[in-house]
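Computed from the coordinates by the stated procedures, all read-outs in this text should not be read as laboratory data. Given the structure is predicted, the values throughout are model-derived calculations rather than measurements. All Cβ positions, even for glycine, are placed from backbone atoms using ideal geometry, and neighbour counts span all protein chains on display.
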Amino acid sequence: MLKVLKSGFFTTIQDLGRLGHRSIGVPISGAMDHSAVKKANLMLENNAGDAVLEITMTGPTLQFELSTFICLSGALMSPTLNNKPIDNYKVIPVKKGDILSYGRLEAGFRNYLAIKDGFQTPKMLGSASQYFPVTARKCIKDGLEIEYKGTESFEPILTELKTEEQFALESMNVYKGPEYGILSDSQLKKLFSQPFTVSKENNRMAYQLSEKIEGHSHSMLTSGTLPGTIQITPAGKLIILMKDGQTTGGYPRILQMSEASICNLAQKKFGDILSFKLIN
Amino acid sequence: MKKYPITIKPFGERAILVEWPNQVEESILQDILGFTTAFEELGISGWELVPAYNSVTMIYNLATLDFDQIKQTVLDCYSKRNEVESQKERFLWKLPVCYDKEFGIDIEETAQKLELSVEQLIQEHTSFEYTVFGIGFLPGFMYLGGLPKTLELPRRDEPRLHVAKGSVGLAGKQTGIYPQDSPGGWNIIGNCPVSIFDASKEEPCFVSVGDKISFQAISRAEYDLHKIEGEVGIYKVEKIDLNA
């Protein structure tokens, strides 16, 4: 078991998502930054979709009750093992009783803790990803114990991965969304020439942007939405749906982010800047 | 059956959007479901289809799509499908609703605004069959069409922070059930003791897009009974096969 001494700001169990239930309104959930999770699982020679902890902004304090191997990825959050600093993208052996804790958020917004063979929490509708009410809880609470298999010996092929983190990258690649055609020249100009700021309203469901562009009066019937769908409200507010986002919506879907840019956005927080670049 | 001009748009790297004429119409919805059934019968794995009103969002979970190729597959499937064989199963579900004031916290105010008595409002709400035009917003939330004009009422001025699971509401041209506790601005007229969405069940949501819903008024005692029956898993919602 992994004992949660302190849960941190918002810590959840995630895998690569709950596919196949969108027609009954169940969001796919799953890690916000797939790319970071896949790398950490790869280093532990896990399956890409083995369950990890997604750690947001302020990290938890966790105690290992069995020896195993871990790998951290994503945001730089000054992690320590028994008070000694450790790095992301390294396979790290942990012993029974060791304590992992987090410090200052240096860059990015979401760190991932992958563990050898993945966390063994029950799957609901094919996924371990926490999303209430599909799972009983929406996040990890103090005192909880999270199951994993202990591993005494493991000789990883790769002990360290050099990565070029893109936390400072502001440019987000977007495709035209289904309602791109309703945008006026002046709306288009603003969308693609000015920077936007991540507002306080940002979470696993959606990121709202602080700057508005001109509004619209386009009325449409409710239709499917995806993670990365950028909607515009009648008042001109831009909403980017994320992994726990609703599966249908009634606001025009003007842009659709690339899968890679969704991972980049997942590492942005309140006040961070981004801009849109149209690709084909 | 009539064929419609459909349009197909790319929707990011892994999805496309297929659209029918921009109307809320039963015949369009049936045509969409005939298409989704035929597409599913092609047996290509990895696809998730999300139909709603006049569109279907088709998401491919396995890889990046080649738009021109999938567009052709969709057009072929739509034009060549066997309309008799590719018919989706459809049911009418008769859902019990307790309209007591305890649950229907806005029923008196709502009736007054609609210039109906509470009894007339219940009579009207339970007299129609509503079509499920989409499921989304929350797991198991049904977009129901077919509300009579007599029951059309704007949302409340101030949304509530907490609306109880099962609450049955009216808002604009819509009626519906909150599948879980949630914030909401609908006028609440009753509560349905049946869970529309339950992740622990093999089939977490018994309703599909294209089905119909009707409401049946029940007493407080029946409500409590159905609630308990639901919790122990012995309550069966009354259903009628619409294709039979």
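Some notes on this structure:
- Selection of first residues in segment A:235-263 that are assigned to a loop (DSSP other than H, G, I, E, B) and of second residues that are among the acidic types (Asp, Glu), restricted to Cβ pairs under 8 Å at least 6 apart or on distinct chains, gives the following pairs, ordered by first then second residue: A:Gly236/A:Glu214; A:Pro252/A:Glu179; A:Ser258/B:Glu13.
- Residue satisfying all of: in segment B:28-52; farther than 16 Å from B:Gly136 by Cβ and polar (S, T, N, Q); nearest to the other protein chains (Cβ to nearest Cβ) among these: B:Ser45
- Test: residue in segment A:184-202 that is among the β-branched types (Val, Ile, Thr), more than 12 Å from every other protein chain (Cβ to nearest Cβ) and more than 26 Å from B:Ile135 (Cα to Cα): yes
- Residues located in segment A:77-114, provided they are part of a loop (DSSP other than H, G, I, E, B), among the small types (Gly, Ala, Ser) and within 21 Å of the chain's Cα centre (by Cα): A:Ser78, A:Gly103
- Residue check, B:Pro159 more than 12 Å from chain A (Cβ to nearest Cβ), in contact (Cβ under 8 Å) with a residue 12 or more places away in the chain, out of contact with any strand residue (DSSP E or B) (no Cβ under 7 Å at 6 or more places or on another chain) and not aliphatic (A, V, I, L, M): no
- Among (1) closer than 25 Å to B:Ala52 by Cα; (2) in contact with a His (Cβ under 9 Å, 6 or more places away or on another chain), the one test that B:Tyr235 misses: (1)
Conditions tested, residue by residue: (1) under 23 Å from A:Asn264 (Cα atoms); (2) among the hydroxyl-bearing types (Ser, Thr, Tyr); (3) crowded, with 19+ Cβ neighbours inside 10 Å.
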| residue | (1), (2), (3) |
| --- | --- |
| A:Asn88 | yes, no, yes |
| A:Lys95 | no, no, no |
| A:Asn111 | yes, no, yes |
| A:Phe119 | no, no, yes |
| A:Lys123 | no, no, no |
| A:Gly126 | no, no, no |
| A:Tyr131 | yes, yes, yes |
| A:Val134 | no, no, yes |
| A:Asp142 | no, no, no |
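- Screening segment B:1-65 for strands (runs of 3 or more DSSP E) wholly inside it with 2 or more residues that are hydrophobic (A, V, I, L, M, F, W, C) returns the ranges B:15-19, B:47-52, B:55-60.
- Residues located in segment A:219-261, provided they are away from every other protein chain (no Cβ under 11 Å) and surrounded by fewer than 18 Cβ atoms within 10 Å (Cβ to Cβ): A:Thr233, A:Pro234, A:Ala235, A:Gly236
- Cβ pairs under 6 Å, 6+ apart, first in segment B:209-230 and outside any strand (DSSP E or B), second among the charged types (D, E, K, R): B:Gly210/B:Lys88; B:Gly210/B:Arg90; B:Asp211/B:Arg90; B:Arg220/B:Asp100
- In segment B:196-234, the residues that are in contact with an Asp or Glu (Cβ under 9 Å, 6 or more places away or on another chain), away from every other protein chain (no Cβ under 14 Å) and closer than 30 Å to B:Glu26 by Cα: B:Lys212, B:Ile213, B:Ser214, B:Gln216
Conditions tested, residue by residue: (1) surrounded by fewer than 21 Cβ atoms within 10 Å (Cβ to Cβ); (2) touching a residue at least 60 places away in the same chain (Cβ under 8 Å); (3) away from chain B (no Cβ under 14 Å); (4) assigned to a loop (DSSP other than H, G, I, E, B).
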| site | (1), (2), (3), (4) |
| --- | --- |
| A:Thr12 | no, yes, yes, no |
| A:Leu19 | yes, yes, no, yes |
| A:Ala31 | no, yes, yes, yes |
| A:Asn41 | no, yes, yes, no |
| A:Glu45 | yes, yes, yes, yes |
| A:Glu54 | no, no, yes, no |
| A:Thr58 | yes, no, yes, yes |
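- In segment B:176-195, residue farthest from the other protein chains (Cβ to nearest Cβ) [restricted to those that are part of a loop (DSSP other than H, G, I, E, B) and either within 20 Å of B:Lys88 (Cα to Cα) or small (Gly, Ala, Ser) (or both)]: B:Gly185
- Criterion: in contact with a strand residue (DSSP E or B) (Cβ under 7 Å, 6 or more places away or on another chain) and surrounded by 16 or more Cβ atoms within 10 Å (Cβ to Cβ) - qualifying residue of B:Ser195, B:Ser214: B:Ser214
Residues checked against (1) under 20 Å from the mean Cα position of the chain (by Cα); (2) among the β-branched types (Val, Ile, Thr):
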{"site": "A:Glu170", "(1), (2)": "yes, no"}
{"site": "A:Tyr175", "(1), (2)": "no, no"}
{"site": "A:Ile230", "(1), (2)": "yes, yes"}
{"site": "A:Thr233", "(1), (2)": "no, yes"}
{"site": "A:Ile240", "(1), (2)": "yes, yes"}
